[in-house]
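Any read-out appearing in this document is the output of simple, stated calculations on the displayed coordinates, not a laboratory observation. Everything quoted here is computed from the prediction, not taken from an experiment. All Cβ positions, even for glycine, are placed from backbone atoms using ideal geometry, and neighbour counts span all protein chains on display.
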Amino acid sequence: MKIEEKLFRVWYYFRLGYSTYLSFVLGMFSFVTTTYYLAINNMPFLSDVFPSVVVYAVFLALILPFIGTIVGWVHMKRTLAFTEQISIGIEANPYTYKIQPGIGTHVAWPNLLLNLDFVEIMLESSGNMTPEQQQRINDLRSKIKHLLEGGSIGVPNDLRLKVNLGGGSQ
């Protein structure tokens, strides 16, 4: 693995850990202290309901998970935001245009090529192979072999991704 790849991997893990865990804890602490001391502590009717920052923090700890869950559910199920987020992830994923390493390159796609050979043999032996079918089989076989050799198919939307995929597509 190149040093640049290692650095980006470390950067990714840092962003994931910081944004998922550290910023959550720091953000909650900051939210609780800021809202309590700047708002609640200065309003007599709220100050009576929440006599200390601990009571306020416990209240938020009980209510915010429900609110956060509802907002997350709405984000996932009722808005286009999540759909677009997934679309962007798919467009940026190099394996949308290549075969995923592992079982894909060693089992699934070679099996597909074998099935294609079997279909070709069956159509030829029965005399039902048309020139159009033969051309489609040959085109598909060529694309599968190209993918198995590490090539890519399709056109990524992002120019940087094209460069990372070697720029070539069939």
Computed magnitude of the charge dipole of the chain (debye, nearest 20; Cβ of K, R +1, Cβ of D, E -1): 340 debye
Label corresponding to Rg and Dmax of the Cα atoms in Å when calculated from the structure given, among (i) 19.1, 68; (ii) 29.5, 88; (iii) 27.7, 91: (iii)
The chain - percent relative contact order, Cα under 8 Å, separation 6 or more: 17 percent
Per-residue ³J(HN,Hα) for the stretch 60-70, Karplus 6.51 cos²θ - 1.76 cosθ + 1.60, θ = phi - 60°, Hz, x for Gly and Pro: 5, 5, 7, 8, 5, x, 5, 5, x, 5, 5
Mean-position separation - Cα centroids, the stretch 1-51 and the stretch 110-142, in angstrom: 58 Å
